[in-house]
Number of protein chains: 2
Amino acid sequence: MNTIIPVVLCGGSGTRLWPRSRKAKPKPFLPLVGDTTLFEATVLRCSREAGFGPPVVVTGALHLEHVEAQLPDPAASRVIVEPEGKNTAAAIALAALQLPSDAVMLVCPSDHHIGDVAAFQAAAQEAAKLAAKGWLVSFGIAATAPETGFGYLKRGAPIPESGGFAVAQFVEKPDLERALGFLADGSYAWNGGIFAFRAGTFLDELAAHRPALAAAVRDAVAHGQSEGTRFYPDAAAFARIEGESVDYAVMENTAHAAMVPAAMAWSDIGNWQALHEALDQDEDGNAVRGPAEIVGCTNVMVDTDGPHVSVIGASDLIVVVDKGDVLVCTTAGAQRVGKLAGAANQ
Amino acid sequence: MNTIIPVVLCGGSGTRLWPRSRKAKPKPFLPLVGDTTLFEATVLRCSREAGFGPPVVVTGALHLEHVEAQLPDPAASRVIVEPEGKNTAAAIALAALQLPSDAVMLVCPSDHHIGDVAAFQAAAQEAAKLAAKGWLVSFGIAATAPETGFGYLKRGAPIPESGGFAVAQFVEKPDLERALGFLADGSYAWNGGIFAFRAGTFLDELAAHRPALAAAVRDAVAHGQSEGTRFYPDAAAFARIEGESVDYAVMENTAHAAMVPAAMAWSDIGNWQALHEALDQDEDGNAVRGPAEIVGCTNVMVDTDGPHVSVIGASDLIVVVDKGDVLVCTTAGAQRVGKLAGAANQ
């Protein structure tokens, strides 16, 4: 069993989960599914028993308090405090530079839900084996719907003596017609933003394909400061970075892209409808949290932080009450929550 | 022009307008349409200029405070405080016993909305003329929909030298098929619970058809007590009354039932959907009161007493926020609001 270092990325604002998710306490730090927060669950499923070492968390100053409060073992963890958000390539590079060059890191977004933890852990071991051999590995999440909000990975040739495959193609977010084609085809998986790399391999590839970015991150680390378990990269050096996603900067350019299939009841909880689907539901598809009365409803979700909510006769509807804001949204309208004035002006 | 005494009945709980309407401050006393309450508007449209005298209000102790606070001229009004609710026949008899026998009274529910006040006043004068001649007159409200929640009046022969008609038949709440037939027929009107009587005529008819009820009300008044502008009927005598509606006790039995047609933009505001229809709406049929953001909605009503409400993508939906209770209800479900546990246990 390979020891894997979880690299947990805490960026993103989760505005489509407004009003529950707010700038001051966004999506990763909320107990959206069950009693643990998405961040806590991310760290907990990277358990020592499953072969993981202590985590490295990359976050910003705004959320440092939540990270340290929610880490199960803060003393054993490292927290990199980004001066500003510069997208995933830089965040992963910061973590890689804190690790031995042959360490295998598993990059985990902190705001996803994974229902089947055993399947995740098995896929992580599979990915780590390939990473240890120099592959840059994406989790290819089994597509269960024609999603237009995710990128896709097209499966290539099997990699011998592994459960993985070469990546034949990275595909950007498709339109619905293409997404339906991918689903029918069967050789396309969702790119869920979970990656396994050897730290040194990742840094070499980044330097090859994005030398300026790689140099700026090295500079920010070289001039950074440690403070207990925290590490603060140098702000001036970091400010020079042109933020780019790891997909664009590295994965689409490397000759060593691999994928491991993962069917693990994954959801990015990308909006209220996605959260509704991840929750336990009654026989009519309703899911309720907080004081509520539901009469003659199907596929209704209610989440209230106190005020009593009554819903009569509705279908495919989401009702959220949080700190004096009330959101009522059709499932079809869930993507538009982030564009509300309330979400923008919180 | 006949002088008409408005007799304003303040009973009823308005539970189908929960959570805005509550036991302690129900429907009549709320500014549901515009800035005046339904009770205020009821009294104000019975103006001196339109031939009305000072009102007599029949209410219960629970709502006395609201009645006296909202009466435009409390010193000139009389308020009868019922020891308990005993339905409309008894309430009207209490008022009739306070009036000269030849006074013409116009019985007005206090929780209806009338959009066309001039039409109301004209119909009231028409009804008063007939009442002065000994008719017991119902307002026959022009039916504009196949309502199954109202009783109907079938128009009979015209009454000479008047705008009124004999009533051919009182019809209880019909099923939808019959209601559609009534609407197509054209000779059926809604019974809106607005009546004109000469006080003495009403009491004579009540004594003829419900002698026990009439005697008990007389007894309650004989042993009652005045206190300023208030009158308190005797509770023990009043308790013996078997409550009955004026329709059952008198109108369906009298040989002198008449009706005057009234097309006056009337609504009983019987539920949230009815209120929505009575409100000003934007071009998509949405009506908003309080802080709210409406995106991609049609025929949505929002009424909030403070918390900000955002609605996305909904059609035919009602959202009400009042004192920490949130109601979300389809228009089709509006009739069921009164049966909610929240409405029952307020």
>> Looking at A:Pro261 and the list (1) in contact with an Asp or Glu (Cβ under 7 Å, 6 or more places away or on another chain); (2) more than 14 Å from chain B (Cβ to nearest Cβ); (3) farther than 16 Å from A:Leu32 by Cα, which single condition is not satisfied?
In response: (1)
>> For the list (1) without any contact (Cβ under 8 Å) to a residue 40 or more places away in the chain; (2) in a loop (DSSP other than H, G, I, E, B); (3) out of contact with any strand residue (DSSP E or B) (no Cβ under 7 Å at 6 or more places or on another chain), I need the number of the one condition that B:Glu244 fails.
In response: (1)
>> Condition (residue is surrounded by 22 or more Cβ atoms within 10 Å (Cβ to Cβ), farther than 25 Å from B:Gly85 by Cα, in contact with a strand residue (DSSP E or B) (Cβ under 7 Å, 6 or more places away or on another chain) and not assigned by TED's automatic domain parsing to the domain that holds B:Ile114) applied to the stretch B:275-282: is it met by at least one residue?
In response: yes
> For the stretch B:27-36, what are the residues that are crowded, with 23+ Cβ neighbours inside 10 Å and in a loop (DSSP other than H, G, I, E, B)?
Replying inline: B:Leu32
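For every residue, the table says whether it meets (1) charged (D, E, K, R); (2) closer than 22 Å to B:Ala128 by Cα; (3) in a loop (DSSP other than H, G, I, E, B); (4) not assigned by TED's automatic domain parsing to the domain that holds B:Ala122.
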site: B:Pro19; (1), (2), (3), (4): no, no, yes, no
site: B:Ala41; (1), (2), (3), (4): no, yes, no, no
site: B:Arg48; (1), (2), (3), (4): yes, yes, yes, no
site: B:Thr59; (1), (2), (3), (4): no, no, no, no
site: B:His66; (1), (2), (3), (4): no, no, no, no
site: B:Pro72; (1), (2), (3), (4): no, no, yes, no
site: B:Ala90; (1), (2), (3), (4): no, yes, no, no
site: B:Ala95; (1), (2), (3), (4): no, yes, no, no
site: B:Pro100; (1), (2), (3), (4): no, yes, yes, no
> Do the conditions hold for B:Gly285, that is, is it closer than 23 Å to B:Gly149 by Cβ, out of contact with any strand residue (DSSP E or B) (no Cβ under 9 Å at 6 or more places or on another chain) and more than 14 Å from chain A (Cβ to nearest Cβ)?
Replying inline: no
> How many residues are outside any helix (DSSP H, G or I) and in contact with a helix residue (DSSP H, G or I) (Cβ under 8 Å, 6 or more places away or on another chain) when one looks only at the stretch A:109-127?
Replying inline: 7
> If you go through the stretch A:152-173 one residue at a time, how many are surrounded by fewer than 19 Cβ atoms within 10 Å (Cβ to Cβ) and either over 20 Å from A:Glu126 (Cβ atoms) or aromatic (Phe, Trp, Tyr) (or both)?
Replying inline: 5
> Taking the stated definitions as given, is A:Ala75 within 30 Å of A:His276 (Cβ to Cβ) and among the hydrophobic types (A, V, I, L, M, F, W, C)?
Replying inline: no
>> When the residues of the stretch A:306-346 are narrowed to those that are touching a residue at least 24 places away in the same chain (Cβ under 8 Å) and of a type in the set (Asp, Glu), which ends up nearest to the other protein chains (Cβ to nearest Cβ)?
In response: A:Asp325
> Scanning the stretch A:52-93 for residues that are more than 20 Å from A:Phe120 (Cβ to Cβ), touching a strand residue (DSSP E or B) at 6+ places or on another chain (Cβ under 8 Å) and without any contact (Cβ under 8 Å) to a residue 40 or more places away in the chain, which turns out surrounded by the fewest Cβ atoms within 10 Å (Cβ to Cβ)?
Replying inline: A:Ala61
> Since B:Val288 meets every condition but one in (1) part of a strand (DSSP E or B); (2) touching a residue at least 60 places away in the same chain (Cβ under 8 Å); (3) hydrophobic (A, V, I, L, M, F, W, C), which condition does it not meet?
Replying inline: (2)
> So which of B:Phe202, B:Phe182, B:Phe197 is among the hydrophobic types (A, V, I, L, M, F, W, C), over 18 Å from the mean Cα position of the chain (by Cα) and under 30 Å from B:Ala278 (Cβ atoms)?
Replying inline: B:Phe182
>> Looking at the stretch B:266-276 only, could you name the residues that are farther than 13 Å from B:Thr298 by Cα, part of a helix (DSSP H, G or I) and not aromatic (Phe, Trp, Tyr)?
In response: B:Gln273, B:Ala274, B:Leu275
>> Can you confirm whether A:Val302 is over 23 Å from A:Ala142 (Cα atoms), at the interface with chain B (Cβ under 8 Å from one of its Cβ atoms), outside any helix (DSSP H, G or I) and modelled with pLDDT of 95 or more?
In response: no
> Considering only the stretch A:317-339, how many residues are over 18 Å from B:Thr304 (Cα atoms) and out of contact with any Gly (no Cβ under 9 Å at 6 or more places or on another chain)?
Replying inline: 3
>> Going residue by residue through the stretch A:330-342, is there one that turns out to be at positive phi and over 23 Å from the mean Cα position of the chain (by Cα)?
In response: no
> Tell me, which residue of the stretch A:224-239 that is assigned to a strand (DSSP E or B) and not basic (Lys, Arg) is surrounded by the most Cβ atoms within 10 Å (Cβ to Cβ)?
Replying inline: A:Phe231
> Any idea which of A:Ala122, A:Ala132, A:Ala128, A:Ala189 is crowded, with 16+ Cβ neighbours inside 10 Å and in contact with a Leu (Cβ under 6 Å, 6 or more places away or on another chain)?
Replying inline: A:Ala189
> Given (1) away from every other protein chain (no Cβ under 12 Å); (2) under 16 Å from B:Asp325 (Cα atoms), where does A:Glu293 come up short, assuming only one miss?
Replying inline: (1)
> What helices (runs of 4 or more DSSP H), lying completely within the stretch B:139-223, carry at least 3 residues that are within 27 Å of B:Pro6 (Cβ to Cβ)?
Replying inline: B:199-209, B:211-222
>> For the stretch A:128-138, which positions are within 17 Å of A:Ile92 (Cβ to Cβ) and either at pLDDT below 95 or part of a loop (DSSP other than H, G, I, E, B) (or both)?
In response: A:Gly134, A:Trp135
>> Looking at the structure I just gave you, is B:Ala255 more than 14 Å from chain A (Cβ to nearest Cβ), of a type in the set (A, V, I, L, M, F, W, C), under 19 Å from the mean Cα position of the chain (by Cα) and surrounded by fewer than 22 Cβ atoms within 10 Å (Cβ to Cβ)?
In response: no
>> Condition (residue is in contact with a Lys or Arg (Cβ under 7 Å, 6 or more places away or on another chain) and farther than 25 Å from A:Glu84 by Cα) applied to the stretch A:190-210: is it met by at least one residue?
In response: no
>> Among the residues that make up the stretch A:147-156, is at least one of them modelled with pLDDT of 95 or more, in contact with a helix residue (DSSP H, G or I) (Cβ under 6 Å, 6 or more places away or on another chain) and not basic (Lys, Arg)?
In response: yes
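The values are calculated or read from the model by the stated rules, or taken from the named source; none is laboratory data. Keep in mind it's a predicted model, so treat the numbers as computed, not measured. Here the Cβ is made from the backbone with ideal geometry for all residues, glycine too, and neighbour counts use every protein chain on show.
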